[in-house]
Amino acid sequence: MKTKDRGLVHWILRRFKAAPAQSMVEFAIALPVLLLLTFGVIEFGRLLQAWLALENGARFGARYAITGEYNKAYCGAAGAALGYAAEDAADGEVDCKVTVADPATATDAEKETARDHTQELQDWARMPSIRDAALAGASGIALDESVSGDYLQYLVDAETHGTTFSADYRGDPSQPGFFMISICSNRVGEPLPGVSPATFPVFLINDPVLDPSLARYYPGHDGQDEYQYFPTLCMAYNKVENGTNPDGSKKYLTVPQYYMDDAGGPGDRVRVTLTYRHPMIMPLLSAWWPTLRLNTSRDGVVEKFRTSRVTGLSEGNMNPDTPTYTSTQTATFTDTPTVTDTFTPSATFTNTATFTPTSTFTATATSTNTATRTATATNTATLAACPSSGNGLRAEYYNWTGGAPPANPFSTSPLVVQIVPKVDYYWNNSPVAGIGDNYFAIRFVGEVMPLASEEYTFYIATDDGGRLWVNNQLLVNRWQNQSETERSGKITLTRCQRYPIVFEMYENTGGAAARLRWSSASQVKEIIPQVNLFGELTSGPNTATFTSTNTRTATNTITNTPTITQTPSRTLTPSITLTPSRTFTRTATFTRTNTRTVTRTPTISNTPTITNTVPATNTYTRTPTRTSTRTNTPTNTNTVTNTPAPSNTFTRTPTRTNTGSPTPTNTPKGIGG
């Protein structure tokens, strides 16, 4: 018994044997269909690949545009187009940087002109550089440069054609392999000097979808869609004040100037648009539909890459000056006039010679201003300099699988660990050996040390998702698929302390980026430098050190001393007073005297009084002295007094005073009986 074979090959062979002619006809009919299906699958794959490549090119171009970077190879063409070639080459290098001959003697106007010309050169060189970046991302397309024009020459000749669009260097948009880039921003320039009414240069996208009259075609083919430079072209306009609106706001009129691309300045929005004519290869279909136009665009916001210009710094000094605190021994002399009211003896070392010509009883109130220089020891706390020996951050690399975004790509041990000096990366492939081009994650761990005690803003820019913790606080949480996007968070930090920092990112597909910046009131926005990052964790934060510094301060003290004087006197200072006088005074003299002093402020008084009385007599002396002082003044007063009385009493009373420095004092004082 024969076994039945129900296979397709067996069936075809039986058909050929049974009806050879009919089988040949059926095969001839089916073969073209099979071929069409095969070519259709291939064509669809080519079309999808070209579209994805174009999308990637727009993505690469927009990313490059927002960084503000440029290729120095285009600086020569930029100088020739703008007329700044000699200025650019003055320093011996064509690098799109104009410098003044002597910064020390250059005027502010000359420096400002050099900065403006530098900005114009770099903006011009950015545009062909962006085209190169876009082409690098769209490397899978079948580009034909012979039909795509000369973009560099188009930029050079832009202003010469005025408002008339010239296709001389734009290529033929109907040809297979045609590629075109259009770069446009919403930049609004400074008002043109000396022009009235106020006129501002701006750049606008001419979109024929919104206004069909803005459509531009290859010469000789107006109105034919396949010859249109689609979808948009960028054009320079003048924005002129033209009255006011009913609500009081200003009204403007836009006047076209010339067709020109523009990559925008810091904070401006820029759009990169790519157009590509894809060639078709499918039989029959390609006969009446030989090419297919593909176009895509990406927008971005230009980073503030010229922070030095905004803050007024020179172009060569992008890092801010950092305050440095140094421990020093400082001698400070301060003359401080102080009005002092006290009921204590004056803090002076005064030898007073008093001459009493008459024996009278006269009560005189004398107010004396005494300037006293006092040496004061001051303890000054000086903050010591903080360390700056950072080595970067510890970078841990992981691969992950599954859907994006990954829930926890750091659950396993890292595949690669290394110290990186700073976090400022963009990758088109694997970040390090052993890690895939896509589906990887990185954790940057360590400590950050601020330079000032104030509020800091931390920025992370990632492609795709990213998270940031500083001092165990979650500042940024953007864990999702995205192109390079910057997010920020704020935290108050203390100078010289090291705070834990963790920065996590993951990459899904395509290019990848990870950047870590900071800024504060005294710190311009920048990538956090290596000296402020510590990849090896410490056991605790650094402690500020306070140093005691002795400072000698000379202080002038003005003392108002109302004194009741019984006789007019003449005072010679400094001198030794030995004034024997015949005084009829009833006094009671005690060898040790305790004087109660009423003082508004604490006063330290050491007044040892040595009295030699020959012979011992009871002497009653009325000497009320009122002195008011507001400062703490250690006061010792030497007073030598010889008072012969009717009972032949000779009294010498020296008083020794310790003060910071001797002070000459003119004090009217009276002794009488």
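Can you work out the FRET efficiency for the pair VAL255 and TRP11, with r the C-beta to C-beta distance and R0 = 60 Å, to the nearest 0.05? If you can, show how the numbers build up before the last one.
Working: r = 77 Å, r/R0 = 1.29.
E(calc), rounded to 0.05, equals 0.20.
With a 1.4 Å probe and all protein chains left in place, how much of the accessible area of segment 1-132 comes from carbon and sulfur atoms, in whole percent?
Details: 5250 of 8070 Å².
Here it works out to 65 percent.
If each residue of separation counts as 0.36 nm, what is the full-extension length gain between VAL432 and GLN418 once their alpha-carbon separation is subtracted? Show your work: numbers first, answer last.
On the way: separation 14, 0.36 × 14 = 5.04 nm, distance 0.99 nm.
Computed gain between VAL432 and GLN418 is 4.0 nm.
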Legend entry - Farthest toward positive dipole pole in segment 1-160 [+1 Lys/Arg, -1 Asp/Glu at C-beta], among HIS10, ALA77, ALA109: HIS10
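Using a ≥ b ≥ c from the Cα gyration tensor of segment 394-462 (square roots of the eigenvalues), is it rounded, prolate or oblate, where a/c under 1.5 gives rounded and otherwise the larger of a/b and b/c decides, a/b for prolate? Can you show the working numbers first?
Values: a/c = 2.04, a/b = 1.86, b/c = 1.10.
It is prolate, given that a/c is not under 1.5 and a/b is the larger ratio.
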Inset, instruction - Would you please give the residues with an amide H less than 5 Å from that of ASP268, counting only those at least 5 places away or on a separate chain, with H modeled from the backbone geometry? - result: VAL302
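I need to check one value: relative contact order of segment 181-277, counting alpha carbon pairs closer than 8 Å and at least 6 residues apart, in percent. Mind dumping the intermediate values first?
Working: 188 pairs, mean separation 34.0, N = 97.
Relative contact order here is 35 percent.
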Legend entry - Nearest-0.05 FRET efficiency for ASN245 and GLU159, computed from C-beta distance (R0 35 Å): 0.65
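If you rank THR296, THR38 by how much accessible surface each has, with a 1.4 Å probe, what is the order from largest down? Before the final figure, lay out each step's value.
Working: THR296 15, THR38 75 Å².
Greatest to least solvent exposure: THR38, THR296.
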Inset, instruction - Give the shape of segment 460-538 as rounded, prolate or oblate, defined through the alpha-carbon gyration tensor: a ≥ b ≥ c are the square roots of its eigenvalues, a/c under 1.5 means rounded, and otherwise the shape is prolate if a/b is larger than b/c and oblate if not. - result: prolate
Legend entry - Probe 1.4 Å, accessible area per residue of segment 183-279, Å²: 50
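The values are calculated or read from the model by the stated rules, or taken from the named source; none is laboratory data. This is a predicted model, so every value here is computed, not measured. Positions of Cβ are backbone-derived with ideal geometry, glycine not excepted, and every protein chain shown enters the neighbour counts. Accessible surface areas use protein heavy atoms only, side chains included; no ligands, DNA or RNA. Shrake-Rupley method; radii C 1.70, N 1.55, O 1.52, S 1.80 Å.
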